[in-house]
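Since the structure comes first, as structure tokens, the remarks are kept for the end.
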Amino acid sequence: MRRRDFSGPDDLRAMQAMCSRLWSPAARFHPGQLAWNRYHQPVDPALPGPGEAISLWRRGDEVVAFGWAEAPDWLEYQLDPAYPEVGQDLLEWFEDWSDAGTQSVLAMHDDVLESDLAAAGFMPERAGPYFVHHLLDLARLSAMPAVDGYSLRHLEPGEAGARATCHAASWSGLGRSRMTATAYAALMRAWPYRHDLDWVAIDSAGGIVASALVWFDPATGVGLLEPVGCVPAHRGHGLAAAVSLAALHHLRGLGADVALVTARGDDAYPGPRRLYQRLGFRPGARTVTWTRSLL
Ligand SMILES: CC(C)(COP(=O)(O)OP(=O)(O)OC[C@H]1O[C@@H](n2cnc3c(N)ncnc32)[C@H](O)[C@@H]1OP(=O)(O)O)[C@@H](O)C(=O)NCCC(=O)NCCS
């Protein structure tokens with residue numbers, strides 16, 4: 001088993017291959033989620049993002065675990081359940097890198113890392129935000145609704161700037177989005193991005209006012225919906241639902257069987273969950289945040 005720090009797009013691709021290989025309804029990451037997490041902000045392709053650390057564990061050519069510390073107090077990871085012995089190394093790597101007095105790790109409920117987390121002094125949080133994977137059998141996809149006054153279409157390759165602006169405006173109420181035209185252009189170059197799965201709603205003035213991005217993994221037949229947004233002035237007209245459905249219909253046309261979306265499960269932010277459940281997504285596996293204090 002070898003550990004090596006992240007060194008560029010080939011490593012991201014190897015991590016995505018691991019997510020693809022291990023995909024199940026309860027697996028932490030779809031490969032599209034890693035592309036989104038990497039490129040939702042401007043980054044040097046060869047380095048972790050600002051304030052981040054990423055490391056990969058390999059057996060032969062295959063990645064069997066990665067740790068992705070998005071900040072000194074926040075670790076994301078995925079660990080192949082066939083190699084539980086890597087769990088302790090992964091937590092020690094994070095501990096060596098992090099200088100935070102309080103540290104949290106986002107795990108799937110019942111994940112293979114739970115015993116190592118408990119042994120290292122992390123405790124599962126009983127309250128606070130958590131995420132629930134929602135699945136939709138695409139054979140049961142609803143028909144497209146009419147949306148008067150707007151048109152729906154997929155993005156074109158030269159529209160990274162307008163698309164980034166829509167994304168940033170949609171997230172404006174939730175803290176400043178770090179998405180820029182340059183970051184979106186990099187996202188569009190990342191596997192498995194396809195512009196024909198990046199759907200937008202256009203208003204009568206020609207502006208992009210809502211968006212839904214789907215990532216299709218042909219190896220599993222699963223498409224991930226991430227993210228969905230509507231700018232505040234156009235909310236409540238069914239645009240997020242319509243643009244998501246349009247992308248999901250196209251996904252089904254490509255041969256996908258299942259769509260996945262991850263939404264907050266706690267009641268502090270119920271809107272997206274309601275949106276996705278209205279589209280037919282059904283809740284499944286959930287995350288648990290494990291936290292410890294070293295102070
Ligand atoms: C969540 C968001 C995409 C909804 O956009 P929208 O165009 O207003 O949503 P729609 O009009 O298509 O609503 C579809 C359904 O979801 C429900 N819904 C949408 N936002 C809601 C909210 N904040 N609270 C409760 N329900 C909500 C709607 O009531 C509707 O259900 P109904 O048919 O039973 O009335 C938009 O508020 C947004 O961009 N938020 C910030 C980004 C975000 O959280 N994105 C989702 C996570 S990736």
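Only the coordinates and a few stated rules stand behind these numbers; no lab work does. Remember, it's a predicted structure, so these values are computed and weren't measured experimentally. With ideal geometry, Cβ positions are generated from the backbone for all residues, glycine too; neighbour counts draw on all protein chains shown.
Annotations for the structure displayed:
- Shape descriptor for the stretch 1-158: Rg over Rh equals 1.03 (Cα atoms; Rh from the Kirkwood inverse mean 1/r).
- Pair-distance profile P(r), taking every C-alpha pair of the chain, with 5 angstrom steps and integer %: 1, 5, 12, 16, 18, 18, 14, 9, 5, 2, 1, 0
- Cα gyration tensor of the stretch 33-99 - equivalent ellipsoid semi-axes, whole Å, descending: 21, 15, 10
- Cα-based helix-to-principal-axis angle, 239-253 vs the chain, degrees rounded to 10: 80
- Looking at the stretch 1-100, the GluC sites (Glu not before Pro) that sit in a DSSP loop and have at most 13 other Cβ atoms within 10 Å of their own Cβ are E85.
- Distance between modelled label sites at E62 and D10, nm, 7 Å Cα→Cβ extension: 2.0
- Compared with the dominant principal axis of the Cα atoms in the chain, helix 86-97 is inclined by about 90°.
- Shape of the stretch 1-53, Cα gyration tensor, a/c cut at 1.5: oblate
- Working note: Karplus 6.51/-1.76/1.60 with θ = phi - 60° gives the stretch 171-179 the couplings 9, 4, x, 10, x, 6, 6, 9, 5 Hz, where Gly and Pro are set to x.
- Per residue, the chain reaches -8500 deg cm²/dmol at 222 nm when only DSSP H runs of four or more residues are counted, each adding -39500 (n - 2.57).
- Part-to-part distance (alpha-carbon centres) for the stretch 132-156 and the stretch 215-242, which is given in Å: 8
- Phi to ³J(HN,Hα) by Karplus 6.51 cos²θ - 1.76 cosθ + 1.60 over the stretch 5-14, Hz, x for Gly, Pro: 6, 4, 9, x, x, 5, 5, 4, 5, 5
- Zero-based 5 Å bins, Cα pair distances in the stretch 135-286, whole percents: 2, 10, 19, 23, 21, 17, 7, 1, 0
- Couplings for the stretch 116-129, taken from phi via the Karplus curve 6.51 cos²θ - 1.76 cosθ + 1.60 with θ = phi - 60°, read 5, 4, 4, 5, 8, x, 7, 10, x, 6, 8, 10, x, x Hz in order; Gly and Pro are left as x.
- Loop-resident trypsin sites (Lys or Arg not before Pro) (DSSP state other than H, G, I, E or B) in the stretch 179-277 with no more than 16 further Cβ atoms inside 10 Å of their Cβ: R235.
- Tail beyond 13 Å, pair distance distribution of the stretch 139-204 (Cα, percent): 70
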